[in-house]
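The values are calculated or read from the model by the stated rules, or taken from the named source; none is laboratory data. Predicted model, so just to flag it, every value in this text is computed and none were measured. When we count neighbours, we look across all protein chains shown, and the Cβ atoms used for this are built from the backbone with ideal geometry, even at glycine. Areas reflect the complete protein model, heavy atoms only, side chains present, ligands, DNA and RNA absent. Shrake-Rupley method; radii C 1.70, N 1.55, O 1.52, S 1.80 Å.
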Amino acid sequence: MLNFEFKNPTKILFGKGQIAALATLIPADAKVLMLYGGGSIKTNGVYDQVMAALSNHKHKVVEFRGIEANPEYDTLMKALNIIKTQDIDFLLAVGGGSVIDGTKFLSSAALYQGNNPWEILSKPIRTEIGMPFATVLTLPATGAEMNSGAVITRAATKEKLGMGGPGLFPQFSILDPQVIHSIPLRQLQNGIIDAYTHVLEQYLTYPIGALLQDRFAESILKTLTEVGPAIIKDPSNYDIACEYMWCCTMALNGLIQKGVPNDWATHMIGHELTAQFGIDHARTLAIVAPHLYQYKFENKKEKLAQYGERIWNITHGTLEEKAQAAIEKTTAFFHELGVETKLSDYTKEYAHTAQFIEERFTQRGWKGLGEKKDITPADVKKIVEMSY
Ligand code: NZQ
Ligand code: ZN
């Protein structure tokens, strides 16, 4: 096992009716900016619950509506202006990964001393201290509610970049699985695949003897293979919703990545597909992951075979045959969920994409991705071409 440090300060309130706890969790004299997306919270009752919980706070809650999927830098700069001009001192994200990530950016930008907050992403600058914030999660998928990372998009330059740091853990996050009943099919599919791929990024590398982390990871994968198809069939089943929501949080709250090699190349490549074509984050992962596993087969075959045995019950054949079957099972699982795994399923404009991403990664100096830092920009080009 590799050396590691582990600290996760985010308090989780999980279960029915927990949104009401906002009344006591947010300081009574805080000047709160509540941030949300396009308005799903107004139709599913979450907005009313939040407002009721904060009705006795000293200052009226200021609202910022309109953080879009793949949160846009220009939109966030408008929210930053409100924070600065209205003396906001507490941020409350009510939404999915996009609203939470946007809020994390604002938490950092609000205290940033430089003139150009984009530098937080372009350099990137690690955030040691941010403005206090919390979340009410409405869409299980990203794990953003219990981690300290964020990804921000800039349409003007077609960029999608990550940021983070120990100052960007939410103070607390409220996870009421009842919010799941109103999530559209497309977002449920996305959430399952995003969480599943988060685990694979931290698990499908090479054996390092971290038996417990492997079994943590496998338990999340196995649970997702059971509850994923079930939640799609019946999003209002509370018991299944609980399992699904907790899987998504546990998949990316830092626990399973400790002491083991991490990959994340699928995410780095996937972000470019969102930046270029606006493809949903999780779908970019479904496009890239199976091809990346195929391309890096030699590096990953031991863990692929273990994954195949323990998650998909592949018990026959050589190590290579089991590993190959595991990739095929993964692709089949994505298809079973109703998600396509080829770039050409999403856009017809893909011809120059691989070349473009190769050049971009070269310019950024991203010379070696993956758990062995051996995926060069030229390899990225080949992986993207395989996904056409
Ligand atoms: O905007 P509203 O109206 O709220 O609608 C949203 C949005 O259209 C809707 N939605 C959310 N909760 C709902 C609901 N609709 C009905 N009922 C509910 N309860 O769902 C749509 C998508 O929301 P979004 O927040 O964009 O989805 P997701 O949670 O998948 O977040 C994706 C973003 O997170 C980033 C992605 O790159 C992407 O930008 N990620 C963040 C990570 C992190 N911070 O750790 C890790 C991930 O790998 C990922 O990169
Ligand atoms: Zn993801």
For residue 335, the accessible surface traced by a 1.4 Å probe with all protein chains present amounts, in square angstrom to the nearest 10, to 90 Å²
Residue separation between residue 374 and residue 119 times 0.36 nm, minus their alpha-carbon distance, gives in nm 89.1 nm
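Of the DSSP beta bridges with both residues in region 11-178, give the percent that are antiparallel, rounding to the nearest 5. If you can, show how the numbers build up before the last one.
On the way: 6 of 28 bridges.
Bridges in region 11-178 that DSSP calls antiparallel: roughly 20 percent.
For the chain, what proportion of DSSP beta bridges, expressed in % and rounded to the nearest 5, is antiparallel?
Details: 7 of 29 bridges.
Among the beta bridges of the chain, antiparallel pairing accounts for roughly 25 percent.
Please compute the per residue accessible area over region 232-359 with all protein chains in place, 1.4 Å probe, rounded to a whole number of Å². Mind dumping the intermediate values first?
Working: 5090 Å² over 128 residues.
Result: 40 Å² per residue.
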Under the Karplus relation with 6.51, -1.76 and 1.60 and θ = phi - 60°, whole-Hz ³J(HN,Hα) for region 60-65, x at Gly and Pro, equal 5, 5, 8, 10, 10, 9
Of every hundred units of 1.4 Å-probe accessible area on the chain, the number belonging to carbon and sulfur atoms, as a percent, is 52 percent
In region 19-93, the trypsin sites (Lys or Arg not before Pro) that sit in a DSSP loop and have at most 16 other Cβ atoms within 10 Å of their own Cβ are 58, 60
Counting only protein heavy atoms and leaving out ligands, DNA and RNA, the solvent-accessible surface of residue 4 at a 1.4 Å probe, in Å² to the nearest 10, equals 110 Å²
From the cross-link list 84/158; 222/373; 348/372; 258/301; 160/382; 16/329, the entries with a Cα-Cα span beyond 23 Å are 84/158; 222/373; 348/372; 16/329
Once the in-chain neighbours fewer than 8 apart are removed, the aspartates and glutamates whose Cα is under 17 Å from residue 11 read 145, 176
Placing each pseudo-label 7 Å from Cα in the direction of the beta carbon, residue 55 and residue 297 end up separated by a distance in nanometres of 6.3 nm
CD proxy, 222 nm, the chain: helix-only mean residue ellipticity via -39,500 (n - 2.57) per DSSP H run with n ≥ 4, per residue, nearest 500, stands at -15000 deg cm²/dmol
For 245, 77, the accessible-area ranking with a 1.4 Å probe, largest leading, is 77, 245
Expected vector for region 15-22, Karplus 3J(HN,Hα) from phi with 6.51, -1.76, 1.60 and θ = phi - 60°, integer Hz, x for Gly and Pro, equals x, 4, x, 5, 4, 4, 5, 3
Residue separation between residue 239 and residue 277 times 0.36 nm, minus their alpha-carbon distance, gives in nm 10.1 nm
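What's the extension gain from residue 43 to residue 85 if we count 0.36 nm per residue and subtract their Cα-Cα distance?
Result for the pair: 12.1 nm of gain on full extension.
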For region 185-386, the dipole about the Cα centre with charges only on Cβ (Lys and Arg +1, Asp and Glu -1), to the nearest 20 debye, works out at 360 debye
Relative contact order of region 9-132 (C-alpha contacts under 8 Å, at least 6 apart) in percent is 27 percent
For residue 1 the rounded accessible area (nearest 10 Å², probe 1.4 Å, non-protein molecules ignored) is 120 Å²
Between residue 318 and residue 386, the two model label points (7 Å from Cα along the beta-carbon direction) sit apart by a distance in nm of 1.8 nm
Scalar couplings 3J(HN,Hα) for region 146-153 by Karplus 6.51 cos²θ - 1.76 cosθ + 1.60 (θ = phi - 60°), nearest whole Hz, x for Gly and Pro, are 9, 9, 10, x, 8, 10, 10, 10
